[in-house]
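Colleague: Sharing a structure with you now.
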Amino acid sequence: MKLQRIRVEQFRQFRQGLELDNLQPGINLIHGPNESGKSTLVRAIRAAFFERYRSKSAEDLAPWGDSSAAPTVEIVFEHKGQRWQLDKRFLKRHRCDLLIDGTSFSGEEAEEKLAELLGYQFPKKGASKEEHWGIPGLLWVEQGTGQDIEKSVLHAGGHLKSALNNLVGEVASSGGDEVIQAVEQQRQELLTATGKPRGDYLALANERETLKQQVSDLQARVTQYQVQVDRLGTLATEYEQANRERPWEVARASMKHAEARFQEIEALQEQQNRGKDSLKQLQQNLSLLQQNQAHWQSQSEQLDQRHKSYESARKQLEQQELASPDLEKSVASARTQYRFAEEALQRARLRDKRVQLQKDCARLNAELAKLIQSQEKARNIQESLSAARKQKQQNHIDPHALRQLRQDQRELDDLNIRIQTAATRVTWNLDAGHSLELDGERIEGQGDKLLLEPGVLDIPGMGNLGIQPGGDDLASLQRKLQRLKQSLSQQLAALAVGSLEAAEARHGRLQDAEVQIQRYDELLNSLAPSGREQLDAMRADLESELLARTAELETLAVTERADEDKGADTKPLSLVESELKQAEEQLAQAESKARSQETELLTARHACEAAHREWQRVQNELSSPERQQQIEVLNRDIAAVEKQRAELELSLKEREAKIEEARPELIRQDIERYRATAEHQEKAQQNRALELSEIRAKLEAWGAEGLEEQCNEQRAELEHVNRRYLELDRRAKALDLLLNLLKEKRQALTRRLQAPLQKHLDHYLSVLFPEANLEVDENLMPGKFSRGSELGQMAELSFGAREQMGLISRLAYADLLQEAGRPTLIILDDTLVHSDAERLDSMKRILFDAATRHQILLLTCHPEKWRDLGVEPRDLAALKLQSTAG
């Protein structure tokens, strides 16, 4: 299908009509700015094919505000060597005429002819919508919808399959679909989409399971009934035997016997504990007695030790007493030397103080002289500062007024220059002996004069000439000159100066005075930051301090002369301080030794006295008769206690052997074992009696229910339901198998259809993404996209990439339709606007390749991006102007 000419009239913004002819079989690039009518042209093509000519929903096709318009679209195209011409008018005088190589059709017949050709359908009522557009809806891309392809493929799916029916085969045809639908319908009566039972099949399955459970429950109850009968016989035998033997009473008798034996052992253990306590007390008494015995034995040895200690302490005391006189002499000598050193230090300090006072007096005299000099400088600077301030006051001038005066003077000078330029210059060169009069002034020889006002030139013997200079501009300049002169005079009078130069001179003197004031202020601040009063106060302080230092110096001089009369030494202060420190250290050492010797003497005297007292005490104790008697009594007590301990240890050993032989822990365990046995045997007999009663009652109830009869009836019902269930189960499985086989067959045939479509997709995709792959599903819908290690759905790509992939898919569909002999026309309204330069270049190659097989209408508002497409662009705005001019 190749469009040759399109004409629209009274269609939205095309009131006067627009004709687009000489359309090429390949790419037709139509460009224009926004709102130039590109989308309107596309809307006209879509309306010509999609909208019923009688449609009442076509009001939006008329020009805005024109209710009497009749939107008209005329399209001429060629298909398979035949010339088709469509004339369609909407709203007013609506009609539809179709001419095919001389054969005419009109009205709905013509519309159905077009729908059959292109593969779309008309709505039964209302405006045409996306679901009616079929194949044109897939290949004609509106502005901003290039990335959305899923719905277009879905709506064109039936037409695609119908157009390619010869490639699909019988199962994929409508007849094959009916078979699959019939099988699916019968399968759906028995199975859900996931293969689970439903309907009668599900009801029978549930009933079957219910009956199985009921039969199982009844069989379990019958089995349990038989088990309970057997249990009743066994339990009755055990109950009678236990009543005869009464094992719990035997266990209690054994427990009492074990308890009696355990009480006997506890009595032995109590005796053993008391014996151990007695043995412990005997051992404590024996230990105390032995300690006393050892103490008395050690006192004899201590007597010799005490005497030796006393002799040693006495000799130490004698040595300390001999050393005391020498140490006292050393302390007295050190104190004398320390006193002499202190007196020498005091004299040296007085000398140093006198020298320091002399230096202080000299420093104070120098500072006083410097301060007096600073006071003099400050007074001179203050006088200069006052003079500078007076000069500033005398030469004060307003800087704003001075700037205004300068500006007005510059304007006056500029105005004078302009006046001189605009004025009439009269020049003359008269011969000798001749003269003229200009405004009553005689002129002769050579010269010139500027005339700012009208003048009269008198020529003797001839009359006069009137000279009118400048014109209106000169008069205006003169008036402005007078105003400026008057303003300057007023400003000079206000500033009390005669000229601008005088004002500038005053301003210069003012600036000099300000600089001097700043410099004098800085000098004065450097001399007296707090003012001259500070200098006066500092001078008074210095004079007072100098007077005090002088008086103190005179007093020290009198004292120093008295020391010189006594013949005192004149050593330096540092040497005297060193001698004093040395004397102090020697005194401290002597006093320390004296104190240590005194302490040692007192310690030795005390130790000697204590050693003598201790030696005398021990000697008195050892020689007393009472002590001898106590030693004899102590020896007898020790012998008696040792005998009692031996007897008690033998008794404890024999009793411990009896206790260990009796094994009290085992007897305690026997008591617990017999007690638990009696309780368990008695409880077991009680449980047997209770269980016998329950089993008898349960068996009586089950016997009345007729469990075996109920079980047989439920088995018969289960067999009946199971036969019906197996019939439906076989039918469901057969239908499921048949449906799977049919679908597998259709999928295999569908893959045969996908192969050529995949081939065309790969052809275009290799240009844009060399390593990528785009798969289509059984509904011919592009879906899974892979590129290298990346794997995902096409819908997950970026907006620009989805737009590019959408166009590639549409071109592949067009190639497939062309192979099936169906007409193809591709319309792209402002597409690929989200593509970068590199991707757009690849898409141009793809479009140029597709244009060798299909006609493409490419409308854009960016013609500069398509300059290298290899086709001649057509300016829609220029076409509109041509149509209007025609």
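Every number here is computed from the coordinates shown, using simple stated rules; none is lab data. A quick note: this is a predicted structure, and the numbers were derived from the prediction, not measured. Note that we place each Cβ from the backbone using ideal geometry, even for glycine, and neighbour counts take in every protein chain shown.
Colleague: If we sort 41-47, 282-288 on the protection proxy, mean other Cβ atoms within 10 Å, highest first, what's the order? Please report the intermediate quantities before stating the final value.
Modeller: Details: 41-47: 22.1, 282-288: 14.3.
Descending packing order for the listed peptides: 41-47, 282-288.
Colleague: Among 815-828, 383-396, what's the highest-first ranking by average C-beta atoms within 10 angstrom per residue? If you can, show how the numbers build up before the last one.
Modeller: Details: 815-828: 19.6, 383-396: 14.4.
Descending packing order for the listed peptides: 815-828, 383-396.
Colleague: List the relative contact order of the chain as a percent without decimals, with contacts defined as Cα pairs under 8 Å and 6+ residues apart.
Modeller: Details: 998 pairs, mean separation 233.3, N = 886.
The value is 26 percent.
Colleague: Which FRET efficiency value, to the nearest 0.05, is calculated for Glu552 and Gln393 with the Förster distance at 60 angstrom and r the Cβ-Cβ distance?
Modeller: Numbers: r = 53 Å, r/R0 = 0.88.
According to the calculation, E is roughly 0.70.
Colleague: Something else now. Please compute one quarter of the surface area of the Cα convex hull for the range 399-496 and express it in square nanometres. Kindly include the intermediate steps, with their values, before the conclusion.
Modeller: On the way: hull surface 32.4 nm².
Result: a mean projected hull area of 8.1 nm².
Colleague: A further question on this structure: Spin-label point model (7 Å from Cα, Cβ direction): what's the Leu666 to Arg335 distance in nm?
Modeller: Using points 7 Å along Cα→Cβ, the separation is 9.7 nm.
Colleague: Can I ask one more? What FRET efficiency would be calculated for the residue pair Asn687, Val222, taking the C-beta separation as r and a Förster radius of 22 Å, to the nearest 0.05? Walk me through the numbers on the way to the answer.
Modeller: Values: r = 26 Å, r/R0 = 1.18.
Once rounded, the FRET efficiency stands at 0.25.
Colleague: Same structure again: Classify the range 1-154 as rounded, prolate or oblate from the Cα gyration tensor: take a ≥ b ≥ c as the square roots of its eigenvalues, call it rounded if a/c is under 1.5, otherwise prolate when a/b beats b/c and oblate if not.
Modeller: Rounded, because the longest to shortest axis ratio a/c is under 1.5.
Colleague: State whether the range 743-877 is rounded, prolate or oblate according to the following rule on the C-alpha gyration tensor (a ≥ b ≥ c being the square roots of its eigenvalues): a/c under 1.5 gives rounded; otherwise a/b larger than b/c gives prolate, and the remaining case gives oblate.
Modeller: On the way: a/c = 2.40, a/b = 1.48, b/c = 1.63.
Oblate, because a/c is 1.5 or more while a/b does not exceed b/c.
Colleague: Would you kindly state how much longer the chain becomes between Gln281 and Leu492 on full extension, computed as 0.36 nm times their sequence separation minus their alpha carbon distance, in nm to one decimal? Mind showing how you got there, number by number?
Modeller: Details: separation 211, 0.36 × 211 = 75.96 nm, distance 13.75 nm.
Here the segment from Gln281 to Leu492 would lengthen by 62.2 nm.
Colleague: Right, next: Along the charge dipole of the range 1-138, pointing to its positive end and built from +1/-1 on Cβ of Lys, Arg, Asp and Glu, which listed residue (His31, Gly107, Leu138) has its Cα farthest out?
Modeller: Among His31, Gly107, Leu138, the one farthest towards the positive end of the dipole of the range 1-138 is Gly107.
Colleague: Now, a different point. Taking 0.36 nm per residue of sequence separation and subtracting the Cα-Cα distance, how much length would be gained by fully extending the chain between Glu700 and Ser592, in nm to one decimal? Mind dumping the intermediate values first?
Modeller: On the way: separation 108, 0.36 × 108 = 38.88 nm, distance 12.15 nm.
Length gained between Glu700 and Ser592: 26.7 nm.
Colleague: Hey, another quick one. Under a crude label model (7 Å from the Cα following the beta-carbon direction), how far is Glu642 from Gln143 in nanometres?
Modeller: About 13.3 nm, to one decimal.
Colleague: If you don't mind, another one. Taking amide H positions as placed 1.01 Å from N in the peptide plane, with prolines and chain starts having none, which residues 5 or more places from Lys92, or on another chain, fall under 5 Å of its amide H?
Modeller: Sorted by chain and number, the residues that satisfy this come to none at all.
Colleague: Starting from the amide H of Leu3, placed 1.01 Å from N in the peptide plane, find each other amide H under 5 Å away whose residue is 5 or more places distant or on another chain.
Modeller: The list, which skips near neighbours in sequence, is Glu78.
Colleague: Still on this model: Excluding residues fewer than 8 places away in the same chain, name every one of the aspartates and glutamates whose C-alpha is closer than 15 Å to that of Lys308.
Modeller: Once the sequence-local aspartates and glutamates are set aside, what remains near Lys308 is Glu609, Glu614.
Colleague: Projected onto the charge dipole of the chain (+1 at Lys/Arg Cβ, -1 at Asp/Glu Cβ, origin at the Cα centre), which of Pro325, Leu858, Ala62 gives the Cα projection farthest towards the positive end?
Modeller: Of the candidates, Ala62 comes out farthest on the positive side.
Colleague: Moving on to the next point. From the square roots a ≥ b ≥ c of the eigenvalues of the alpha-carbon gyration tensor of the chain, which class results: rounded (a/c under 1.5), prolate (a/b over b/c), or oblate?
Modeller: Values: a/c = 4.99, a/b = 1.10, b/c = 4.52.
Oblate shape, in that a/c is at least 1.5 and b/c is the bigger or equal ratio.
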